[in-house]
Amino acid sequence: MDRVLDIRNVSVTYQNRDKSVYAVNNASLHLEKGDALGIVGESGSGKSTLAMAVLRLLPPRVAKVEGQVMLLGKDLFSASVEEMNALRWKEMSVVFQKSMNSFSPVHRIGDQIEDIYRVHEPNATRKEILDKTAELLYLVNLNERVYKLYPHELSGGMLQRISIAVSLLHKPSLLILD
């Protein structure tokens with residue numbers, strides 16, 4: 001089988017002036033192509049922290065991350081910022097718990113989707129983007145009209161579904177649902 005994700009002995013310690021707190025301690029797992037994995041636990045048990053560590057979204061001044069994360073054979077912890085930016089949304093994407101916070105309140109949903117799409121497909125035509133977006137909005141049971149709306153005009157559930165659609169734009173190898 002094709003290994004998509006390999007997490008080896010990942011630990012995350014949050015640091016402040018007074019003390020350090022382990023959020024994740026020696027987590028190891030792997031996923032093959034087509035696998036699905038659910039990680040369950042109490043609030044504050046480290047699930048989101050592990051996801052953020054995999055995506056390398058934890059600020060180094062706050063969180064010390066150790067171990068190794070391989071995505072499609074690429075060591076994410078040694079990848080450059082540019083390499084990580086090229087991988088995010090293309091090979092790995094995430095749907096955050098609070099989708100309402102994922103969107104700019106002053107830009108239409110469609111403009112934000114286009115911006116995300118163009119990061120990895122700068123030569124895509126507007127029609128290609130609109131067609132792809134319409135397909136994904138249909139997949140999450142939303143009307144194309146949401147493309148012209150602002151986030152405040154949508155319910156939290158609708159924004160969550162738009163986040164799911166956006167996470168699928170580039171058919172990533174790894175999808176994290178937080």
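The values are calculated or read from the model by the stated rules, or taken from the named source; none is laboratory data. Because the structure is predicted, anything quoted here is derived from the model rather than measured. Cβ placement follows ideal geometry from the backbone for every residue including glycine, while neighbour counts extend to all protein chains displayed. The protein model used for the area step is the full one, side chains on, heavy atoms only, and it has no ligands, DNA or RNA in it. Shrake-Rupley method; radii C 1.70, N 1.55, O 1.52, S 1.80 Å.
Residues in the range 112-132 that are of a type outside the set (D, E, K, R) and farther than 17 Å from residue 102 by Cα: 120, 122, 123, 124, 125, 129, 130. Beta carbons closer than 7 Å, at least 6 apart along the sequence or on distinct chains, pair a first residue in the range 51-72 that is within 17 Å of residue 97 (Cα to Cα) with a second that is in a helix (DSSP H, G or I) and open to solvent by 40 Å² or more (accessible area, probe 1.4 Å) for 58/52. Scanning the range 146-158 for residues that are open to solvent by 70 Å² or more (accessible area, probe 1.4 Å) and without any contact (Cβ under 8 Å) to a residue 12 or more places away in the chain returns a single hit, 153. Got at least one residue in the range 137-150 being among the hydroxyl-bearing types (Ser, Thr, Tyr) and closer than 25 Å to residue 35 by Cα? Yes, some residue in the range 137-150 is among the hydroxyl-bearing types (Ser, Thr, Tyr) and closer than 25 Å to residue 35 by Cα. Among the residues that make up the range 24-38, is at least one of them touching a Lys or Arg at 6+ places or on another chain (Cβ under 8 Å), modelled with pLDDT under 90 and either assigned to a strand (DSSP E or B) or among the small types (Gly, Ala, Ser) (or both)? Checked against the condition, which is being touching a Lys or Arg at 6+ places or on another chain (Cβ under 8 Å), modelled with pLDDT under 90 and either assigned to a strand (DSSP E or B) or among the small types (Gly, Ala, Ser) (or both), the range 24-38 yields no hits at all.
Cβ-Cβ contacts under 7 Å between residues 6 or more apart (or on different chains), taken from a first residue in the range 159-178 that is over 16 Å from residue 103 (Cβ atoms) and open to solvent by 50 Å² or more (accessible area, probe 1.4 Å) to a second residue that is part of a strand (DSSP E or B) and small (Gly, Ala, Ser), are listed as 175/93. Selection of first residues in the range 113-137 that are within 11 Å of residue 169 (Cα to Cα) and of second residues that are polar (S, T, N, Q) and open to solvent by 70 Å² or more (accessible area, probe 1.4 Å), restricted to Cβ pairs under 8 Å at least 6 apart or on distinct chains, gives the following pairs, ordered by first then second residue: 137/143. Restricting the range 18-34 to residues that are of a type in the set (Ser, Thr, Tyr) and loosely packed, with under 13 Cβ neighbours inside 10 Å leaves a set whose member that is nearest to residue 70 (Cα to Cα) is 28. Restricting attention to the range 35-66, the residues that are closer than 12 Å to residue 25 by Cα, open to solvent by 40 Å² or more (accessible area, probe 1.4 Å) and of a type outside the set (A, V, I, L, M, F, W, C) add up to 4. Note on the range 67-145: enclosed helices (runs of 4 or more DSSP H) holding 1 or more residues that are at pLDDT below 90 and open to solvent by 90 Å² or more (accessible area, probe 1.4 Å) are 109-120, 126-139.
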